[in-house]
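Note sheet for the following structure.
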Amino acid sequence: MAGITTHVLDTAKGSPAAGMRIVLTRDEEVLFDGVTDPDGRARVLEADLVKPGVYRIAFDTGTHNPGGFFPEAAIVFRVEDVAQHYHVPLLLSPFGYSTYRGS
């Protein structure tokens, strides 16, 4: 399975962040503008649309955590091998977030 996917987990609530808006761009072109499903997941770009380059995935964390410190979490990553699957998860709390390259 190639392409770009994400999964948002709210660690403070212990549950997926359903309905969170996500925007994926490459070279300022919007490639995906949508929301996470009830399980906090989104398939943001199908494999045939992935090209080498630098991508930015922005999560609307402020709507999910209105009293939180970060109104947005933006992660910038590089795609070199388009045959690989790029999973960019977000672990979120009101006052912090982390990510990693998932599988």
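The values are calculated or read from the model by the stated rules, or taken from the named source; none is laboratory data. Computed from a predicted model, the values in this text were never measured in an experiment. Neighbour counts run over all protein chains shown; Cβ positions are idealised from the backbone, glycine included. To get the accessible areas, we keep the full protein, side chains included, count just its heavy atoms, and leave off ligands, DNA and RNA. Shrake-Rupley method; radii C 1.70, N 1.55, O 1.52, S 1.80 Å.
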When every residue in the range 54-73 that is assigned to a strand (DSSP E or B) and open to solvent by less than 20 Å² (accessible area, probe 1.4 Å) is compared, the one farthest from Val8 (Cα to Cα) is Tyr55
Restricting to the range 27-59, name every residue that is over 23 Å from Ser98 (Cβ atoms) and not β-branched (Val, Ile, Thr). Asp27, Glu28, Glu29, Leu31, Asp33, Glu46, Ala47, Asp48, Leu49, Lys51, Pro52, Gly53
Do you know which of the residues in the range 32-53 that are closer than 14 Å to Pro89 by Cβ and touching a residue at least 40 places away in the same chain (Cβ under 8 Å) is surrounded by the most Cβ atoms within 10 Å (Cβ to Cβ)? Val44
Mind counting the residues in the range 74-103 that are open to solvent by 60 Å² or more (accessible area, probe 1.4 Å) and in a loop (DSSP other than H, G, I, E, B)? 8
When the residues of the range 1-31 are filtered to those that are among the polar types (S, T, N, Q) and touching a residue at least 60 places away in the same chain (Cβ under 8 Å), which remaining residue is most open to solvent (accessible area, probe 1.4 Å)? Thr11
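Out of Asp10, Asp60, which single residue is of a type in the set (D, E, K, R), more than 11 Å from the chain's Cα centre (by Cα) and modelled with pLDDT of 95 or more? Talk me through it step by step, then tell me what you get.
Values: Asp60 fails: more than 11 Å from the chain's Cα centre (by Cα).
On inspection, the qualifying residue turns out to be Asp10.
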